[in-house]
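To start, the structure itself, in structure tokens.
The values are calculated or read from the model by the stated rules, or taken from the named source; none is laboratory data. From a predicted model like this one, the values you see are computed outputs, not experimental measurements. No Cβ is skipped: glycine too gets one built from the backbone with ideal geometry, and neighbour counts run over all protein chains shown.
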Amino acid sequence: MSAQQQRGFSLVELSVVVTIAGILAAVSIPNLRQQQAENQAAKQSSELVGALALARMEAANRKAVVTVCPVAASDTSQCAADSLDWSHGWIVFADTDGALGQLDASDEVLRVFPALHGETTLRGTGSFISYAGSGTLAAAPVKLELRRASCGGAVNRDVIVQRGGHPFVKNVACQA
């Protein structure tokens, strides 16, 4: 009779492998959460920049004023008058009646963007962004600050629109 050869892992080998896997998971999970927060901030700022690009392009195509304004918290079909809180979403509309920044019955709504998800706020230095028919701003420059409540690294963003009309995104470090 020949001795049978054993196959498999010993308990010690299995314990070593499980310990190493646990250490690797403990090290990588915080980095994964940070990466997810970075991706969400990038997505949200890209949606805003996309809305601004749509407004600018429509203004140039129509040779008329097109405005982006924050949505009212209570009524997503209306602009939040004089509000600096853009967190509830925003509306892009052809501002045809001459009342700059105000969505009236004669104005054409081009697109309504939904509210931000997660623990994110979006505040602006202005209550609307209007583009003239040339694609430049028809009103004062605006900075929109995208901020996360639980922040680590550089997951905050500023979307800045200057007189020329082109929006750009700036990464902002979290405040301690």
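Of all residues in the stretch 103-117, those satisfying the criterion of being within 20 Å of Leu144 (Cβ to Cβ), touching a strand residue (DSSP E or B) at 6+ places or on another chain (Cβ under 7 Å) and part of a loop (DSSP other than H, G, I, E, B) are Leu103, Leu116. The number of residues in the stretch 92-121 being under 24 Å from Ala140 (Cα atoms), among the polar types (S, T, N, Q) and touching a Lys or Arg at 6+ places or on another chain (Cβ under 8 Å) comes to 1.
Hey, does the stretch 29-41 have a residue that's in contact with a Lys or Arg (Cβ under 6 Å, 6 or more places away or on another chain), in contact (Cβ under 8 Å) with a residue 24 or more places away in the chain, over 16 Å from Gly124 (Cβ atoms) and not in a loop (DSSP other than H, G, I, E, B)? Yes, the stretch 29-41 contains a residue that is in contact with a Lys or Arg (Cβ under 6 Å, 6 or more places away or on another chain), in contact (Cβ under 8 Å) with a residue 24 or more places away in the chain, over 16 Å from Gly124 (Cβ atoms) and not in a loop (DSSP other than H, G, I, E, B). Out of the residues in the stretch 1-24 meeting the condition of being aliphatic (A, V, I, L, M) and at pLDDT below 80, tell me which one is surrounded by the fewest Cβ atoms within 10 Å (Cβ to Cβ). Per the stated criteria, the residue is Met1. Based on what the data block shows, is Ala173 surrounded by fewer than 20 Cβ atoms within 10 Å (Cβ to Cβ), under 27 Å from Gln36 (Cβ atoms) and more than 15 Å from the chain's Cα centre (by Cα)? Yes: the conditions hold for Ala173. Count of the stretch 54-101 residues, restricted to those that are crowded, with 17+ Cβ neighbours inside 10 Å and assigned to a loop (DSSP other than H, G, I, E, B), is 10. Have a look at Gly22, Gly50 and point out the one that is in a helix (DSSP H, G or I) and over 22 Å from the mean Cα position of the chain (by Cα). Only one candidate passes the filter, namely Gly22.
Name every residue in the stretch 120-170 that is hydrophobic (A, V, I, L, M, F, W, C) and under 12 Å from the mean Cα position of the chain (by Cα), in order of residue number.
Leu122, Leu144, Leu146, Val155, Val159, Val169
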